[in-house]
Amino acid sequence: MIELFLRRTAGLALLAFTALFTLVAATRLDAWENTLAARRSIQPNDLDDLAAGAVAFWVIAVVGLVWHWRRLPMWRIWCRWAAFPGVFMGIFHSMQIAGDHDRPIGWVIAVGLVVVPWALSELVVLVMSRPVTPALIRSKLEIPFPMRDLKARLCVREDRLVLDSLVSRRKRSRDVVAVPWTAMRSIDLVEVEQEMTCQVIIYADGDVGRPRTFDVTPGPALHVIGTARELLVPVTEKVGRTALAMVQARSAGVEVAERPLWSYRPLRKHELRPANWEFRTDSRPYILLLVGAFLLMPLYMLTMMTLSIVTGSAELQKDWGTVGGLDEQEKVIFAGLGLIAVAFLYLAYRFCYKAFLDFMEGQYSIEAFPEAPPLPPKTGTVPGSGKKRKKR
């Protein structure tokens, strides 16, 4: 427990340092550009001003970290989200320094503002996942491993073995193939003597699976046999032994189920749609989260108005129209805004966040079992679905 706590603390400290470093760099570059332009009437933005503009990105990064608390490979993504405001403003001022004021050092700084945060985000994952110790093996954290001679990535999660990024390193969360412990029959580290091809089925559109093939060169490889999949994963000897030990430790005591879990339950309402259009592993309905964020706007307004009154901040009260408190009419509007916020919060949960989580839950089944859930059996004529026969 102490080791895991220290790893998480180090990862969070690096993430916070990356966000603060880029923001401070942007502040200094803004001041330098203002000095070069000899502006006396316009003051450069200070750290507080830039931090206020970066709050939205930081909130997204925090929510992402909570959501992917155990998925260490995703921490690099949220680290880049947290650093984006500082990087964007820093590059903007660097280009002004290089272009408008003829200082070539600005281009070097712009490149450094991209390379350094990128390297720090990679360091976040390395600090939390390397070296692989017994405590890390027994934990529930997702540990990534590189594959030999392939761009794909092998990940050992809490309850499954995952092979992703079968197309490119830029699509880390797409083209996922998984073998959960309940479907894993055996896993061994074998020696491949001649070059061969491994094929997996990925659901990319409706009921039709898309075969994806990758080459397995001679050398060590993990041979994984599941109830619905068989994988041959090329790895190095060290990675293979470590991943094998982790899979054996985390899958110990789990009984193998011959049928996928969703085949034992009755079909849900959203599964009765024709052609099973939602059963695909290469898409994520992130638009639902954007709609949900829009529905939270009344709650945000209510929170900021309440905060302006409670804190007594003159600036907040001026921005949100609460100077001098609320009169009777404004109190009625405030109460109505509260009711609207509650209603919109329910709509956001019911039709956005819950729908997104249900979709992702279905993804786990399709990723593990390469077949779509069966269509509902035809039990007879559905009223209104056909022409009525005339009585003779």
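Of the candidates Leu302, Leu289, Leu326, the single residue that is in a loop (DSSP other than H, G, I, E, B) and among the hydrophobic types (A, V, I, L, M, F, W, C) is Leu326.
The rows are residues; the columns are (1) in the same structural domain as Phe359 (by TED's automatic domain parsing); (2) modelled with pLDDT of 90 or more; (3) in contact with a Lys or Arg (Cβ under 9 Å, 6 or more places away or on another chain); (4) within 25 Å of Leu136 (Cα to Cα).
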{"site": "Ile201", "(1), (2), (3), (4)": "no, no, yes, no"}
{"site": "Asp205", "(1), (2), (3), (4)": "no, no, yes, no"}
{"site": "Thr213", "(1), (2), (3), (4)": "no, no, no, no"}
{"site": "Gly219", "(1), (2), (3), (4)": "no, yes, yes, no"}
{"site": "Leu222", "(1), (2), (3), (4)": "no, yes, no, yes"}
{"site": "Ala245", "(1), (2), (3), (4)": "no, yes, no, yes"}
{"site": "Val254", "(1), (2), (3), (4)": "no, no, no, yes"}
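Screening Ala119 against (1) of a type in the set (Gly, Ala, Ser); (2) assigned by TED's automatic domain parsing to the domain that holds Asn34; (3) crowded, with 19+ Cβ neighbours inside 10 Å leaves a single unmet condition, (3). When you look at Leu316, is it more than 31 Å from the chain's Cα centre (by Cα) and touching a residue at least 24 places away in the same chain (Cβ under 8 Å), yes or no? So Leu316 fails the test. Close Cβ contacts (under 8 Å, 6 or more residues apart or on different chains) running from residues in region 64-84 that are under 15 Å from Ala13 (Cβ atoms) to residues that are aromatic (Phe, Trp, Tyr) and surrounded by fewer than 20 Cβ atoms within 10 Å (Cβ to Cβ) comprise Ala82/Phe57; Ala82/Trp58; Ala83/Phe21. Annotation note: of Ser186, Ser139, Ser165, the sole residue that is modelled with pLDDT under 90, among the polar types (S, T, N, Q) and outside the structural domain of Arg71 (by TED's automatic domain parsing) is Ser165.
The values are calculated or read from the model by the stated rules, or taken from the named source; none is laboratory data. None of these values were measured; they are calculated from a predicted model. A quick note on method: Cβ atoms are made from the backbone with ideal geometry, for glycine too, and the neighbour counts reach across all protein chains shown.
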